[in-house]
1. Among Ala60, Leu93, Thr160, flag the residue with its Cα farthest along the positive direction of the charge dipole of region 34-170, charges on Cβ as +1 for Lys/Arg and -1 for Asp/Glu.
2. Once amide H atoms are placed 1.01 Å from N in the peptide plane, what residues at a sequence separation of 5 or more from Asn22, or on another chain, have their amide H within under 5 Å of its amide H?
3. Can you give me the span-like helices of the chain, meaning DSSP H runs with 24 Å or more of Cα extent along the axis and Kyte-Doolittle mean at or above 1.6?
4. Please find the FRET efficiency linking Ser83 to Leu42, where r is the Cβ-Cβ separation and R0 is fixed at 35 Å, and quote it to the nearest 0.05.
5. Once you place label points 7 Å from the Cα toward the Cβ at Asp148 and Trp72, how far apart are they in nm?
6. Which one, Leu51, Ala129, Leu114, is farthest towards the positive end of the dipole of the chain when Lys and Arg carry +1 and Asp and Glu -1 on their Cβ?
7. Taking Cα Rg over 2.2 N^0.38 Å as the quantity of interest, determine which of (i) 0.95; (ii) 1.47; (iii) 1.05 was computed from the displayed structure.
8. Apply the Karplus curve 6.51 cos²θ - 1.76 cosθ + 1.60, θ = phi - 60°, to the phi angles in region 125-131 and return the couplings in whole Hz, x for Gly and Pro.
Amino acid sequence: METGSPASPGGAETAAVAPVWNGLPPGLLRMRRLLLVVWLGLAAVGAGLLLGLLVGPVWAAFALLPLAGIAWGWVLLGRNWRSWRYAERADDLLISRGVLWREETVVPYGRMQLVEVTSGPVERYFGLASVQLHTAAAATDAAIPGLDPSDAERLRDRLTALGEARSAGL
């Protein structure tokens with residue numbers, strides 16, 4: 001008797017096909033880390049100057065707190081960026097994210113009502129775009145941030161075509 005995967009009742013073995021996961025481009029991580037350094041760096045300088053001038057130079061040491069926040073945030077942003085991934089399957093789109101609390105969203109193509117590509121000013125500066133998926137149920141709306149604009153448009157077109165085909169019953 002052979003060991004291996006269990007045979008199905010019809011005699012043929014069933015094999016689950018693992019999805020092909022796509023990660024997010026590194027540009028998103030660079031953008032988020034730069035924003036972290038800029039905002040908390042400004043907070044550190046502002047806190048150091050205000051506390052140093054108004055209260056005393058010893059109190060200016062509290063400016064080290066935003067600097068510690070930069071170090072902590074740097075690590076957390078990297079972990080969060082690595083946790084995001086998405087996979088296009090035959091009937092649905094999988095989006096997985098989260099470090100401590102893992103969240104996996106499954107959006108069936110036939111349930112998609114609107115797929116849009118958005119890009120704010122900071123995202124455009126870094127050459128990034130986000131794909132936002134809207135379904136009939138607001139709770140299942142999903143987004144994939146930080147894609148290259150050409151990849152976001154390709155994904156939007158593919159998801160729209162698959163959604164139209166599934167909703168038409170083809």
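1. Of the listed residues, the answer is Ala60.
2. Tyr86, Ala87
3. Span-like helices, by this rule, are 26-54.
4. Values: r = 28 Å, r/R0 = 0.79.
Efficiency computed from Cβ-Cβ geometry: 0.80.
5. Inter-label distance under the simple model: 3.6 nm.
6. Looking along the dipole axis, the top candidate is Leu51.
7. (ii)
8. 4, 8, x, 10, 8, 10, 9
The values are calculated or read from the model by the stated rules, or taken from the named source; none is laboratory data. Nothing here was measured: the structure is a model prediction, and the numbers come from that model. When we count neighbours, we look across all protein chains shown, and the Cβ atoms used for this are built from the backbone with ideal geometry, even at glycine. Each accessible area value is taken on the protein alone, full model and side chains, heavy atoms only, with ligands, DNA and RNA left out. Shrake-Rupley method; radii C 1.70, N 1.55, O 1.52, S 1.80 Å.
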